[in-house]
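Okay, so here's the structure we're looking at.
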Amino acid sequence: MLKVFSHARRLLKPQVILPVLLAVALLVFAFSLGDVHLVLARVAKLPMRVLWLALAAAACYLACKAAQLKLMLTQIDVAIPARPFWLAFAVGELTVTLPLGMFSQNWVLSAARRVHIGRSSAATVMMVLAEVAVVFLFLAVVGVSGMPGTRPFAVAVLAGVGLLLLGLMLFEHRARTLVARLRHRWARRGADAALEMLRGLRKLSTPLLLAISIVLAAVYLGALTLAFWFVGRGMDAHHLDYLTAATIYMFSLAIILVGAGLFSQIGTVELLGMLAAHASGIDYTDGLALMLGFRIVWTSAIWLLCLPIVALLWREMPSRRAHASADRGKKISG
């Protein structure tokens, strides 16, 4: 009984329960705008060919994203064997919709191969910045019909991210001095992690690597939006062209990338996608069908591809006893 209460107390922590409640509230609000029964009926009637196409798109998405991550880890001198790398990547993809879930791959790398979490986080942050560049460049060029402020907002975000990255690079030398002055152990550890991330970001900010990363992000986001279009067409939205479908999903992804994803992607993406679809002339029920149908299909495809990897490679995570032995012995660093 005490164990039950202990688990309940962990689940009721604000950092756990608040994102869950927010996701539920957003989903309830989204459901209130459309006919849920009609949406579920249309999802159930999706043709099998659409499911196979979505699975193929998910495989392309994961392959390009894994290549991007491996390239960046190599650039920052993090040499990871194939098995722990794929374990970390698969766990990261399974948890990406959770608050800060994108950093779970860095935790796995730290636990499995004692890689400094700050250093590997630089690769994760740069991957997000590459996605930001692709998504907001797309919105700056295409925009969202019915939302005239989208283009200037996208341009402003692109300029802001560029200045932020430049500022971080210039701040690195100053940060070393500030970290050296810290005396509190926990503050020093957090600052060391941030400094490691800054060093990694500097190494990853070469023009060639940025160009390759943006191209890879464009390819896997293209696969994602293509799957979204497939699902929309499979749910009888025959009037939906690819550009409109890509715009709808890119808009919802843009808001996630600029901060909404810190709370929860579940519910947020669906609601934002419905609003973008409505601005493009699609009614709320059709918009809900698009977003919810795609959520079910895409999540199932990602889990179908990633869960077997985790099941096969979970033994790469060392036990607590192994961690204790490693801490007493020579520390392995990536």
- Read phi for every residue in segment 63-76 and hand back ³J(HN,Hα) as whole Hz from Karplus 6.51 cos²θ - 1.76 cosθ + 1.60, θ = phi - 60°, with x for Gly and Pro. 5, 5, 5, 5, 4, 5, 5, 4, 4, 6, 4, 5, 5, 9
- Message: Given the options Val78, Thr150, Phe136, identify the residue whose Cα lies farthest towards the positive end of the charge dipole of segment 44-310 (+1 on Cβ of Lys, Arg; -1 on Cβ of Asp, Glu).
- Response: Val78
- Query: Which length gain, in nm to one decimal place, applies between Asp283 and Val258 when the Cα-Cα distance is subtracted from 0.36 nm times their residue separation?
  - Reply: 6.4 nm
- Message: Explain nothing, just the number: dipole magnitude of segment 44-310 about its Cα centre with +1 on each Lys and Arg Cβ and -1 on each Asp and Glu Cβ, in debye rounded to the nearest 20.
- Response: 1320 debye
- Message: Taking 0.36 nm per residue of sequence separation and subtracting the Cα-Cα distance, how much length would be gained by fully extending the chain between Met147 and Met48, in nm to one decimal?
- Response: 32.2 nm
- Just round it to a whole percent: the fraction of Cα-Cα distances in segment 63-153 exceeding 16 Å. 57 percent
- Note on the structure: Karplus-derived 3J(HN,Hα) from phi for segment 203-211 (6.51 cos²θ - 1.76 cosθ + 1.60, θ = phi - 60°), whole Hz, x at Gly and Pro, runs 5, 8, 9, 6, x, 5, 5, 4, 5
- Query: Going by how many other Cβ atoms sit within 10 Å of their own, how do His239, His278, His116 line up, fewest first?
  - Reply: His239, His278, His116
- Query: Efficiency by 1/(1 + (r/R0)^6): what FRET value for Thr74 and Ile296, r their Cβ-Cβ distance, R0 = 51 Å, to the nearest 0.05?
  - Reply: 0.90
- Report Rg(Cα)/(2.2 N^0.38 Å) for segment 44-310, keeping two decimals. 1.05
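Computed from the coordinates by the stated procedures, all read-outs in this text should not be read as laboratory data. Note that this is a predicted model, so its numbers are computed, not measured. Glycine gets a Cβ as well: all are built from the backbone with ideal geometry, and neighbour counts include every protein chain shown.
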